[in-house]
């Protein structure tokens with residue numbers, strides 16, 4: 001790794017500390033540590049001496065696959081199974097350790113998470129979870145889609161209301177639904193939930209249970225945990241190579257290609273935000289205030305997306 005990268009990471013860490021001081025009101029901190037259930041997205045590999053916080057829509061699936069490969073699990077892993085079965089099999093959640101065990105790992109293991117601009121994450125979450133109904137991804141539209149149809153569009157609910165929250169239960173649930181042969185479970189279709197509907201929904205539900213658009217600051221608690229590396233979605237190739245080097249993983253490992261757009265500004269300047277009112281955008285900025293501050297400069301918080 002280069003001196004330039006080391007300086008870059010130091011700058012990012014300093015920005016996170018600044019954001020916590022300036023915009024971290026209400027965030028978990030040393031004075032107000034996260035509850036056990038609030039640490040369920042922070043994973044630990046004792047074998048690699050690694051602490052990894054997953055941030056969905058910030059290459060979390062690719063990272064999980066890379067970590068499993070670093071552990072010697074080299075077989076082809078499906079995206080669905082990596083979340084439901086493979087990752088929980090080889091890693092433990094931080095909330096399963098005792099207080100002393102947790103403190104030891106946070107003090108001695110390499111800790112990292114990936115930051116992505118909140119606007120980019122929201123667009124990505126909409127495109128992959130909301131814009132189209134996929135029988136293999138029923139959870140988001142089961143909540144967002146039904147709510148939007150009922151409360152914003154005065155239409156009947158059409159999506160299932162019994163989708164389980166647990167990932168392993170979800171896999172079995174989908175398998176059983178596929179056996180029914182029902183139209184909803186046989187074909188995908190474009191939902192009638194617009195991006196503005198999605199933004200309105202988030203504004204009306206600031207404390208969401210869906211990890212795909214939960215603020216990274218609520219998933220990873222960076223004002224409580226002093227992460228060694230703050231990776232960026234736009235620099236994942238370099239960041240991933242250096243993180244794998246830091247944990248002394250096989251140097252032949254390559255981080256999986258990302259399906260993100262090559263231009264890091266493309267999503268934020270997307271016309272998708274044009275229908276969103278200033279009031280609606282203001283609520284989004286408030287919900288993601290700490291993420292916004294960690295990822296962009298202070299003067300940019302009000303300007304973006």
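The values are calculated or read from the model by the stated rules, or taken from the named source; none is laboratory data. On a predicted model such as this, the values are computed, not experimentally measured, just so you know. Neighbour counts run over all protein chains shown; Cβ positions are idealised from the backbone, glycine included.
Every test in (1) farther than 28 Å from residue 165 by Cβ; (2) within 19 Å of the chain's Cα centre (by Cα) is passed by residue 42 save one, and that test is (1). If you go through the stretch 136-154 and pick out every residue that is closer than 22 Å to residue 186 by Cβ, in a loop (DSSP other than H, G, I, E, B) and more than 21 Å from the chain's Cα centre (by Cα), you end up with 0. When residue 186 is tested against the conditions (1) surrounded by fewer than 16 Cβ atoms within 10 Å (Cβ to Cβ); (2) in contact with a strand residue (DSSP E or B) (Cβ under 8 Å, 6 or more places away or on another chain), the lone failure is (2).
Checking the condition farther than 17 Å from residue 118 by Cα, at pLDDT 80 or above and in contact with a helix residue (DSSP H, G or I) (Cβ under 9 Å, 6 or more places away or on another chain), which residue from 257, 250, 210, 226 passes?
226
Among the conditions (1) outside any loop (DSSP other than H, G, I, E, B); (2) modelled with pLDDT under 95; (3) more than 21 Å from residue 270 (Cβ to Cβ), the only one that residue 164 does not satisfy is (1). The one condition from (1) buried (at least 17 other Cβ atoms within 10 Å of the Cβ); (2) not assigned by TED's automatic domain parsing to the domain that holds residue 44 that residue 165 does not meet is (1).
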